[in-house]
2 protein chains.
Amino acid sequence: MSHFDRPTTPLPSETVPRTVLLPNFDKRGGVCVAIAQDAGTGQILMQGYADRAAYLETLATGEAVYYSTSRKKRWKKGETSGHVQIVKDVLIDCDGDAIVYVVEQCGSGACHTNAKSCFYRDFQGRPSERVQEGESEKLETIDTPVAGRLVTDP
Amino acid sequence: MSHFDRPTTPLPSETVPRTVLLPNFDKRGGVCVAIAQDAGTGQILMQGYADRAAYLETLATGEAVYYSTSRKKRWKKGETSGHVQIVKDVLIDCDGDAIVYVVEQCGSGACHTNAKSCFYRDFQGRPSERVQEGESEKLETIDTPVAGRLVTDP
């Protein structure tokens, strides 16, 4: 056989070791703030947390993994819903305690309300996206002076 | 004098009370994560924290105010540097414990390194913006398998 017929078995990129920065997870009890941002639109989709294992699993798999501070366990986004986040880039801030996952959001969105983003309402409760009734936390409201530039309707 | 000559004293918008949502500050010891996003480009500029007073001062003044968890005090962004953040909108997430300040960043940027954004480097330490030498936290590096989609150069 000619050398053109030789089977080739390229090394999968997933197994190529890379030198990566480790955020300072010790600074806040083992977790860093992890923010998911839409790679296409720049929209902020959600804010969660990542521990060292979640961060490294995200880098290794290219899908966003978080750490649930309420359930105190690994939380692979979309593991049950299928609404995974394909990670296009990962950014770390100047003091090393916050992470941005730049992602392609699969499915209806990042939020459990089915909104594209968890940030679907403004400071007056005006919806910026349609959400499912009663699935968002009801928050206390108060009357307070508000700057004019913040109360002009969209 | 005719009624046209009467002095008028319009009510400043800052003193008009508005009903606003209060994030759930009790959930995490009195502070919520506060993310600053550029109103023009959507770039995530920084991540800090806000307590109830900082949030309400931000709404009342239209300039971003945070709470420094290290100095344990109010932190008006740009108070000393002049690099204030003019707040165009404020968003709250579904479970009410994270805030997005949509801002116009004044001055060189949001970061103490003079970068526009604190998220000026990726997970491999590759700069996404020019920063001042030695002003960013040096982070531990490790060799780890990384998904191919995460290691293609920008």
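The values are calculated or read from the model by the stated rules, or taken from the named source; none is laboratory data. In this text, all values refer to a predicted model and were calculated from it rather than measured experimentally. Glycine also receives a Cβ, built like all others from the backbone with ideal geometry; neighbour counts cover every protein chain displayed. Surface areas here come from the heavy atoms of the whole protein model, side chains and all, with no ligands, DNA or RNA. Shrake-Rupley method; radii C 1.70, N 1.55, O 1.52, S 1.80 Å.
Only residues that are open to solvent by less than 10 Å² (accessible area, probe 1.4 Å) and not in a loop (DSSP other than H, G, I, E, B) were counted in the stretch A:15-43, giving 6. Looking at the stretch A:76-92, is at least one residue open to solvent by less than 10 Å² (accessible area, probe 1.4 Å) and hydroxyl-bearing (S, T, Y)? Checking the stretch A:76-92: not a single residue is open to solvent by less than 10 Å² (accessible area, probe 1.4 Å) and hydroxyl-bearing (S, T, Y). If the condition is being modelled with pLDDT of 95 or more and either open to solvent by 30 Å² or more (accessible area, probe 1.4 Å) or out of contact with any Lys or Arg (no Cβ under 9 Å at 6 or more places or on another chain) (or both), then the stretch A:93-106 contributes A:A98, A:I99, A:V100, A:E104, A:C106. The number of residues in the stretch A:42-62 being more than 7 Å from chain B (Cβ to nearest Cβ) and without any contact (Cβ under 8 Å) to a residue 40 or more places away in the chain comes to 7.
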